[in-house]
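**Student:** I have a structure here, written as structure tokens, and I will follow up with some questions on it.
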Amino acid sequence: MGFRFDGDALMPAQLSFHNVTLGYDRHPAVHHLDGEVAPGALLAVVGPNGAGKSTLFRGIVGIVKPLTGAISLGGLDVRDIAYLPQIADIDRSFPISVFDFVGTGLWRHTGMFGGLGRRERDAILQALAAVGLTGFEKRTIGTLSGGQMQRILFARVLLQDASVIVLDEPFNAIDAKTSADLVGLVQRWHTEQRTVLAALHDMDLVQAHFPETLLLARSVVAWGETAQVLTPDNLGRARRMCEAFDDTAEACAGDAPRPQAA
Ligand SMILES: Nc1ncnc2c1ncn2[C@@H]1O[C@H](COP(=O)(O)OP(=O)(O)OP(=O)(O)O)[C@@H](O)[C@H]1O
């Protein structure tokens, strides 16, 4: 487990990356990532299209296994991490009601086929109220607008009550009001000392709300305090690195697969 110095105490890291390479069919998409995320961090992950942000998040939640290296979760089970995927990754033709979809956030507690009692039903209604969607319970998810769908994804994360929350482009294609409401939820999670990672493209939003940033371009360009990371120099370097990347390259010679640590 990695450790990180915080004030005058040595704190175990919540997430540690040890020479992690992630990819698909042996073609790496994220290279040799080393670093740590402290408990309670609010970390923006930024980079051009194809930089590997979603791949990194899929690695953290165990959907993609490292080709090499290891990700350690600070003693958490991967099911204890709340994951908000990109909206495009959700099959919205699936005939499930808003109530039932949000209720899947309770599966960790109830089991997939566990019945919902009064307390669970109230929790779902409260989560829907918190994202401003009271009254939408019976609608099927396919009938929602993009912004409404994003809100119910947040409602599901709320219900999961997780100490680590991973949000993949949570504010894409939504209006200013929805974005402000959902940023408010992220700030609330931060004040509750949860560890929050979000992949983002809006640099103004990152500068305004995220103290720490990881700039990714298949490998780390910079990682640290947001103002130090988002310099024109670093952003230009990230763009050039992504443009130059060969998507068909094999994993580096000498990299031997290592099992993922939980
Ligand atoms: N399921 C997959 N199978 C094969 N290659 C993939 C898959 N998903 C992503 N890739 C490739 O991995 C690389 C990194 O993609 P990824 O989606 O992680 O980037 P990103 O930074 O999230 O991009 P964006 O900002 O466009 O969402 C890209 O070259 C992409 O084509």
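**Student:** Nearest-5 percent of antiparallel DSSP beta bridges in the chain?
**Tutor:** 55
**Student:** Still on this model: Straight-line reach from LYS138: which lysines have a Cα under 27 Å away, not including same-chain ones fewer than 8 places off?
**Tutor:** LYS177
**Student:** In whole percent, what relative contact order does the chain give with Cα contacts below 8 Å and a gap of six or more residues?
**Tutor:** Result for the chain is 28 percent.
**Student:** At 37 °C and a viscosity of 0.692 mPa s, what translational diffusion coefficient does Stokes-Einstein give for the stretch 70-175, taking Rh as the Kirkwood radius over Cα pairs? Give it in µm²/s as a whole number.
**Tutor:** For the chosen part, D equals 229 µm²/s.
**Student:** Restricting to Cα pairs below 8 Å that are 6+ residues apart, what does the relative contact order work out to for the stretch 58-127? Please round to a whole percent.
**Tutor:** RCO, the stretch 58-127: 23 percent.
**Student:** Something else: Treat each spin label as a single point 7 Å out from the Cα along the C-beta direction, and report the PHE94 to ASP247 distance in nm.
**Tutor:** My value for the distance between the label points is 2.6 nm.
**Student:** Name the residue from ALA198, ALA222, ASN19 whose Cα lies farthest towards the positive end of the charge dipole of the chain, charges +1 on Cβ of Lys and Arg and -1 on Cβ of Asp and Glu.
**Tutor:** Value: ALA198.
**Student:** Here is a further query. Calculate, axis by axis, the spread of Cα positions in the chain along the three principal axes, and write the results as whole Å, longest axis first.
**Tutor:** Principal extents (Cα only, largest first): 54, 45, 37 Å.
**Student:** Still on this structure, please answer the following. Just want the answer: with Cβ charges of +1 for Lys and Arg and -1 for Asp and Glu, which residue in LEU158, SER54, ALA44 is farthest toward the dipole's positive end in the chain?
**Tutor:** Of the listed residues, the answer is LEU158.
**Student:** If R0 is 35 Å, what FRET efficiency do you get for HIS201 and GLU137 from their C-beta distance, rounded to 0.05?
**Tutor:** About 0.65, to the nearest 0.05.
**Student:** Helix-only estimate, please: 222 nm mean residue ellipticity of the chain, summing -39500 (n - 2.57) across DSSP H runs of length 4 or more and dividing by its residues, to the nearest 500.
**Tutor:** -9500 deg cm²/dmol
**Student:** Among the lysines, which have Cα under 28 Å from the Cα of LYS65 when same-chain residues fewer than 8 positions away are ignored?
**Tutor:** Answer for LYS65, where 28 Å is the Cα cut-off: LYS53, listed by chain and number.
**Student:** A further question follows. Based on the Cβ-Cβ distance from ARG79 to ARG240, what FRET efficiency comes out when R0 is 41 Å, to the nearest 0.05?
**Tutor:** Given R0 = 41 Å and the Cβ-Cβ separation, E is 0.60.
We did not get these values from a lab; they are worked out from the coordinates using the rules stated. Just so it is clear, the model here is predicted, and its values are computed rather than measured. Note that we place each Cβ from the backbone using ideal geometry, even for glycine, and neighbour counts take in every protein chain shown.
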